[in-house]
1. Residues of region B:46-90 with amide nitrogen under 14 Å from the 7 Å Cα-to-Cβ point of A:Arg40?
2. Given a cut-off of under 8 Å on Cα pairs at least six residues apart, what relative contact order in percent is computed for region A:10-247?
3. Under 5 Å between amide H atoms, partner at least 5 residues away or on a different chain: which partners does B:Gly84 have, H built in plane at 1.01 Å?
4. Considering only protein heavy atoms and a 1.4 Å probe, what is the carbon-and-sulfur percentage of the accessible area of region A:10-247?
5. Would you mind giving the mean number of other chain beta-carbons within 10 Å of the Cβ of each residue in A:126-136, as a whole number?
6. Counting each DSSP H run of 4 or more residues in chain A as -39500 (n - 2.57), what helix-only mean residue ellipticity at 222 nm follows after dividing by all residues, to the nearest 500 deg cm²/dmol?
7. Report the net charge of residues surrounding B:Leu121, where surrounding means a beta-carbon distance below 12 angstrom and charges are Lys +1, Arg +1, Asp -1, Glu -1.
8. If you split all Cα-Cα distances of region A:10-247 into 10 Å bins from zero, what percentages do you get per bin, shortest first?
Amino acid sequence: MAQITGRRPRALATGGSEGLGGAFVELLLASGYDVVSVDRNAPPAASMAVGIICDLADRVALDRNLDAIVAAGPYRLVLFNAGVSATGRFEAVPLEAYRRLVAVNTEAPMVLASALVNADAVNGHLCFVSSLSHFTGYPGAAVYAASKDALAAYAKSVRKPFAQRGVSVTVAYPGPLRTAHAARHAPPGASVERRTDPAAAARHIVGAALAGRAAVYSDARARMLALAGRLMPDLTIRAMRRVIFDRLDRDVW
Amino acid sequence: MKPNILITGATSGIGAALAARYAGRAELLLAGRMPELEAMPILPANAHYVVADQSAPEVAASNIMAALDLLGWESLDLAVLNAGSGWSGDPASEPAGSIRNTLEANLVAAIALAYGLSPLLSGGRLVLIGSTARRGAPLFASYAAAKAGLDGLARSLAEEWRGRTKVQVIHPGPVRTDIHAKAGFDPGRARRFFTSPETMARLLERALASRRSRRTISFPRYLAAAVTPWLR
């Protein structure tokens, strides 16, 4: 495991052990950052990231780790990436899973962002990873959509006040990615090869965050889908229902 | 037969004004944080009341479910999830406890109630009261987040439940209620431009009749209502 030396810029990513978070961590390590990953699982054995093991759904655990996360800064870039989903009919998923989902996807990044900025532990950029569902809806994952909308609104809200402290705020809206998480929640027969490569999405998102842009999509296709959701909201959400909700054969949380 | 209507957050502000409008035309189950003895003088006569503190979502939901059971209501024609509360100030100094409480009371409580009420809402209507703050509000960051969450929930559920239960989210602009004082925010002279709860309740009832699943009651809409008071 790597030691933080103090000479290199530092970055923090939540959920850095796999998926898009893993891609963020590898990209930043390759770009010369010291990287801290907060995740319920340790980073992969070969990774040079410093792991802080913390289940973000667990308030007590988060509060216990907050000082260590702040102390490992200051960070040039913080990526609030950790997310979980729950797919199925709204009534088929236990309420407890919805609680966990809101805690990981919305509450933890808000608590962390507020604590980090208040402690002056960020000297650069924050990026909140929301979802493309922000521009349409997500029948079959209504609470996931709620959690990601909430995160996007929080990011938009803090953009100005945090700018006064020299911190930029970016919201990322990724579309479908080629990750294990997405595969677990996708309906049967969903095409994997058309999904965006997480490494490409990570490059795109990190570039926008470092440039201080307000919003970024995972790629051009995600941007088009967001536009469709805005221009044709009814058609787009019906399409979402047909390709996701109507095809779900199981409830996953 | 009178419709069965549930309204949460019914002891003050928009909820109380909406309850007053429906009184006499509907069977009302009203929910609020206050003890029953305190709430009774505020509520319309013949309305039923249940104590439901949204900052404990599961308890609030189970109290409401128990009250519905006690009343013997097997279905709801309309559930208006209106209860809300917030914190105001620099988002960097918002304590973790306040972030958590704001998400619990505004978002998780609505999820828990939609979850519990779902079987009773077949053929009925679920209305979530959001806020125009959902587009982003620097002084109400966690509140804006929670209210945007309601929008996402409603957009998705409206499609998921289409043909069974109509789901709407209505985003009111600022209303002259005590929510700002409770949140520690003084709107100052801007308060004069805030809608009265009664006007907002009237606009809400009109929005409820619309076929759209998302309505925003913005300032122009309010102005239009102010100059057309006969449109009741």
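The values are calculated or read from the model by the stated rules, or taken from the named source; none is laboratory data. From a predicted model like this one, the values you see are computed outputs, not experimental measurements. In this analysis, Cβ positions are derived from the backbone assuming ideal geometry, glycine residues included, and neighbour counts consider all displayed protein chains. Ligands, DNA and RNA are stripped out before the accessible areas are found, and what is left, the full protein with its side chains, is counted by its heavy atoms. Shrake-Rupley method; radii C 1.70, N 1.55, O 1.52, S 1.80 Å.
1. What the label zone holds, given the 14 Å backbone N cut-off, is no residue at all.
2. Across region A:10-247, relative contact order equals 19 percent.
3. Under 5 Å from the amide H of B:Gly84 lies no amide H from a residue far enough along the sequence or on another chain.
4. Looking at region A:10-247 in its full context, I get 55 percent from C and S.
5. Per residue, the number of nearby Cβ atoms from other chains is 1 on average.
6. Helix contribution divided over all residues of chain A: -13500 deg cm²/dmol.
7. Net local charge, B:Leu121 excluded: 0.
8. 8, 34, 38, 17, 3
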